[in-house]
Amino acid sequence: MAENQGSKRNSFIFALLATLVVGLIVVGLLRLNRSRPEETFALPWSDTWTDAGAIDGYVYFRDGNTLSAFDQNGMRWKQDLTPQAQIAYGAHVFILENDALSALQAKDGSLLWTKEHTGYTALRVLPPTGEREGTLVAQKADRFLCIDEKTGAVDFVQVTQGAPGAFAAGESWRAWTEEGDVPGVQIDGARSTLVDLSPLLIAETPTRTILSATPWDVSAVPAAQSAEDAERDPALSALPAAQVGRMPAFRTPVTRPVTTLLSTGADSFVAASETALYFIQSGVLTKVLPGQDVVDIARESDGCAVVTRDALVRYDAAGQERERRPLDFEPKAVAAGETSLVVAGASHALVLSGGNEEKRETGEFVRKVEPERGAPLLIYREEVVPVK
C-alpha cells in the first residue's frame with residue numbers, strides 16, 4: 001500500500017513538473033511572438049499618395065510635396081520635396097531634385113550624402129542578383145548611368161543610340177531598351193521637311209523601340225565604341241575601358257514600346273510590350289509570345305510568372321511554359337516571394353505556397369510594391385501585406 005501511494009505521489013509530482021515546463025514554454029513562445037513584428041500591419045491608404053516604396057520593413061509614400069515614412073508603429077519621419085523631385089528606393093531613399101542626387105537614411109531620413117548631377121531625367125533601383133548588389137540607375141538623353149549607392153559616384157555608363165528607356169541587370173548580363181530611329185537618334189519620332197513651303201509636307205518617321213543585351217564582361221564582345229564615346233563626351237574618358245558601354249551582343253527592334261523589362265536569371269530577361277512577350281537568354285531571342293492579355297509579370301529565381309486576364313502562367317528563363325492555372329476572378333497583379341506566389345485581384349487573392357493553393361478574400365487592392373531588398377508588398381485599402 002505504501003509503495004502504491006509513493007508511486008502515485010511520484011506520478012503526481014512528475015505530471016505537475018511536466019505541466020509547469022509546458023506552461024513556461026508556452027509563455028516563452030507567447031513573449032517571443034509578441035516581440036516579433038506582425039507580418040501584416042495597418043496603414044489606411046490615401047488616394048492622394050503616390051511614389052510608394054519600401055525598405056526593410058519601412059513603407060514610404062509621397063503626398064503632394066511631402067515624403068512620409070511608416071513602420072508598424074506609425075509614421076516615423078517626413079521630408080519636404082520640390083514638385084519636380086524624383087524618388088527611388090534601394091539600400092537608402094534616393095531623391096533627385098535641383099540637379100542634386102541625395103541619399104537619406106531609411107529609418108530616420110537623415111542625410112547620408114549629396115552629389116551634384118545635371119541632366120538626369122529618370123531614376124530607378126535594380127534588385128540585387130547573385131553576387132551583384134542592388135544598383136541605382138539614372139539616365140540622361142543618350143545613356144544609362146549606374147551609380148554606387150554608398151557614395152553616389154558613377155561607376156558604369158551604358159551609352160545608347162536612342163533615348164534610354166528600361167534597364168535590367170542579371171549577374172552576368174545586362175539588358176536595356178532605347179527609343180528612336182536606327183541608326184540615328186530621333187527622340188520625337190517626327191521629322192518636318194519643307195515646313196516653310198506647306199504645312200502638309202511633313203514626313204512622319206515613327207519611333208522604334210530597340211531591345212539590347214550584352215555581357216557585363218565586355219571582353220566577350222569584340223566591337224567597342226568607348227573611344228568614340230570618350231571623344232564625344234570627355235567625362236567618359238575618366239572611366240576604365242571595361243566600365244564604358246560596348247556595342248551589344250544582342251540587338252533587335254520590337255514592334256511596340258516595352259512596358260516591362262525584368263531579369264529572370266544570370267543571363268536571361270523577359271520584356272513585355274502591348275502586343276508581345278520577348279524572352280532572351282545568353283543573347284538569343286528564344287521565344288516571342290502574344291502579350292495582348294498580359295496584366296502583370298513577376299520575376300522568379302529561374303523564370304517569371306505572368307498573369308493574363310484569365311490565367312496564371314509560369315515560364316522558365318527560355319520562355320517554355322512550366323505551369324498554367326485558370327483564374328476565376330479578375331487579376332490586378334502578381335507578386336513572387338521566396339516561398340510563395342500571390343495573384344491579387346480587386347478583392348480576392350490566389351496564394352500558392354509549398355505546393356498548396358488557397359483562395360482568400362481581401363480588402364480593396366491598391367497596388368504592388370517590389371523593394372530592392374525584402375519581400376514584395378501588396379497594398380490594400382487598410383493594410384500592407386508582405387509576400388514571403
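Conditions first: (1) over 16 Å from the mean Cα position of the chain (by Cα); (2) assigned to a loop (DSSP other than H, G, I, E, B). ALA91 passes all but one, so which condition is the exception?
(1)
One residue is enough: does the stretch 331-344 have a residue meeting the conditions among the acidic types (Asp, Glu), within 30 Å of THR214 (Cβ to Cβ), open to solvent by 20 Å² or more (accessible area, probe 1.4 Å) and within 16 Å of the chain's Cα centre (by Cα)?
yes
If ASP142 passes every condition in (1) closer than 16 Å to HIS92 by Cβ; (2) surrounded by fewer than 23 Cβ atoms within 10 Å (Cβ to Cβ); (3) touching a residue at least 24 places away in the same chain (Cβ under 8 Å) but one, which one does it miss?
If we test ASP142 against (1) closer than 16 Å to HIS92 by Cβ; (2) surrounded by fewer than 23 Cβ atoms within 10 Å (Cβ to Cβ); (3) touching a residue at least 24 places away in the same chain (Cβ under 8 Å), just (1) comes out false.
Read through the list (1) of a type outside the set (Gly, Ala, Ser); (2) outside any loop (DSSP other than H, G, I, E, B); (3) touching an Asp or Glu at 6+ places or on another chain (Cβ under 9 Å); (4) at pLDDT 90 or above, then give the number of the only condition that LYS107 fails.
(2) is the only condition that LYS107 fails.
So, in the stretch 135-185, how many residues would count as being within 18 Å of VAL125 (Cα to Cα), at pLDDT 85 or above and either under 18 Å from the mean Cα position of the chain (by Cα) or not in a strand (DSSP E or B) (or both)?
28
Checking the conditions here, which among THR66, THR82 is at pLDDT 85 or above, touching a Lys or Arg at 6+ places or on another chain (Cβ under 7 Å), farther than 30 Å from CYS304 by Cα and surrounded by fewer than 16 Cβ atoms within 10 Å (Cβ to Cβ)?
Only one candidate qualifies: THR66.
Condition check: modelled with pLDDT of 60 or more, open to solvent by 30 Å² or more (accessible area, probe 1.4 Å) and more than 23 Å from the chain's Cα centre (by Cα). Does ALA224 satisfy that?
no
For the stretch 252-272, which residues satisfy the criterion of being surrounded by fewer than 21 Cβ atoms within 10 Å (Cβ to Cβ) and assigned to a loop (DSSP other than H, G, I, E, B)?
Answer for the stretch 252-272, where residues must be surrounded by fewer than 21 Cβ atoms within 10 Å (Cβ to Cβ) and assigned to a loop (DSSP other than H, G, I, E, B): THR255, ARG256, PRO257, THR259, ALA266.
Are there strands (runs of 3 or more DSSP E) fully within the stretch 274-321 with at least 1 residues that are open to solvent by 30 Å² or more (accessible area, probe 1.4 Å)? List them.
Counting at least 1 such residues, we get 276-281, 284-290, 294-300, 311-316.
Which residue pairs have Cβ atoms under 6 Å apart, sit 6 or more places apart or on different chains, and have a first residue in the stretch 149-161 that is within 27 Å of ALA106 (Cα to Cα) and a second that is open to solvent by 50 Å² or more (accessible area, probe 1.4 Å) and basic (Lys, Arg)?
Cβ pairs passing all conditions: GLY152/LYS115.
The values are calculated or read from the model by the stated rules, or taken from the named source; none is laboratory data. Bear in mind that the values here come from a model prediction, so they are computed numbers and not experimental data. For neighbour counting, all protein chains shown are included, and Cβ atoms are generated from backbone atoms with ideal geometry for every residue, glycine included. Side chains are part of the model used for accessible areas, which takes the heavy atoms of the whole protein and leaves out ligands, DNA and RNA. Shrake-Rupley method; radii C 1.70, N 1.55, O 1.52, S 1.80 Å.
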